[in-house]
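Here the structure is laid out as structure tokens; the discussion comes afterwards.
The values are calculated or read from the model by the stated rules, or taken from the named source; none is laboratory data. Model, not experiment: these values are computed from the prediction. Note that we place each Cβ from the backbone using ideal geometry, even for glycine, and neighbour counts take in every protein chain shown. These area figures cover heavy atoms from the full protein model, side chains too; ligands, DNA and RNA do not enter into them. Shrake-Rupley method; radii C 1.70, N 1.55, O 1.52, S 1.80 Å.
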Amino acid sequence: MKSGEPTKEISILLPAYNEAVQIEKCIREVEAAVKGFCGSYEIIVSEDGSTDGTDVIVANMAKRNPNLVLLHSPKRLGKGRGIKNALSRSRGKYITFMDVDLATDLACLPKLMEVVKKKGGMAIGSRHVSGSRVQRRTSRTLFSLTYNMLVRLLFLDGVRDHQCGFKTMTRNVAHEVLNVSKSDGYFFDTEMIVRCKNLGFPVSEVAVSWSERNKGGSKVNPVKDAKKIGLDMLAFRLNQSRK
């Protein structure tokens with residue numbers, strides 16, 4: 001991945017697949033939030049082979065908004081490759097990405113920026129540290145706690161929440177980590193965090209307010225996707241053991 005020198009303070013990357021129902025609302029809310037603490041920004045929507053017209057909606061918005069960029073893929077690439085493509089087109093000194101459902105309160109974004117400016121590395125929204133406020137189904141909470149416990153046991157990284165899709169990092173860290181990351185699926189977030197720590201960069205967990213959205217319509221099914229996530233995790237662990 002190659003890109004020029006940063007010309008913006010922050011780039012916000014939004015991976016999107018079949019998000020026509022909520023993408024416009026998401027973009028407007030993200031822009032309103034970032035304007036509150038930063039005057040130089042861009043929002044990059046990495047649209048990933050949608051079939052519901054998500055790309056058309058964003059393209060029409062981008063015609064009227066010079067701070068909005070659409071990256072359209074005619075086929076499904078996966079979250080990892082979508083974010084890598086967006087990073088290669090970004091021009092921000094700091095890189096943030098989040099899920100389109102905005103389950104994490106956008107009021108938490110300045111806190112992540114402040115932490116990265118002070119400590120460098122990566123700041124991640126966390127639902128499992130003191131001070132977080134979470135509204136979520138019990139079954140999802142149990143799955144999350146179990147998954148994160150397994151990751152800590154396998155990788156000894158000490159991180160409490162590997163899957164909250166709300167992260168900010170310096171541009172350098174984003175390139176260093178994503179250049180070696182392999183996963184394009186749901187293990188992507190976990191791999192980023194583990195690789196970041198392995199490369200010697202700090203990973204800071206920041207308590208966030210988080211409310212489950214799209215109940216019944218989430219693209220992640222704990223039962224259906226557990227096997228794939230587990231296999232990706234074990235493959236990554238075995239690969240590390242060989243080094």
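Check whether at least one residue in the stretch 145-154 is buried (at least 19 other Cβ atoms within 10 Å of the Cβ), over 13 Å from the mean Cα position of the chain (by Cα), among the aliphatic types (A, V, I, L, M) and over 16 Å from GLU212 (Cα atoms), and report yes or no.
Yes, the conditions are met somewhere in the stretch 145-154.
Could you please find all residues in the stretch 121-177 being in contact (Cβ under 8 Å) with a residue 60 or more places away in the chain, in a loop (DSSP other than H, G, I, E, B), of a type in the set (D, E, K, R) and within 23 Å of ILE95 (Cβ to Cβ)?
Result: ARG127, single match.
When the residues of the stretch 53-104 are narrowed to those that are crowded, with 19+ Cβ neighbours inside 10 Å and among the polar types (S, T, N, Q), which ends up farthest from THR170 (Cα to Cα)?
Per the stated criteria, the residue is THR54.
Exactly one of (1) over 27 Å from ASP48 (Cα atoms); (2) open to solvent by 40 Å² or more (accessible area, probe 1.4 Å) is unmet by GLU176. Its number?
Unmet for GLU176, out of (1) over 27 Å from ASP48 (Cα atoms); (2) open to solvent by 40 Å² or more (accessible area, probe 1.4 Å): (1).
Applying the selection to the stretch 196-210, what residues are of a type in the set (D, E, K, R) and either part of a strand (DSSP E or B) or within 15 Å of the chain's Cα centre (by Cα) (or both)?
GLU205
If you check SER130, SER181, which single one turns out to be over 13 Å from the mean Cα position of the chain (by Cα) and either charged (D, E, K, R) or open to solvent by less than 10 Å² (accessible area, probe 1.4 Å) (or both)?
Matching residue, one of SER130, SER181: SER181.
For the stretch 62-73, indicate whether the set of residues that are among the hydrophobic types (A, V, I, L, M, F, W, C), under 18 Å from the mean Cα position of the chain (by Cα) and either under 22 Å from GLU176 (Cβ atoms) or not in a strand (DSSP E or B) (or both) is non-empty.
Yes, the conditions are met somewhere in the stretch 62-73.
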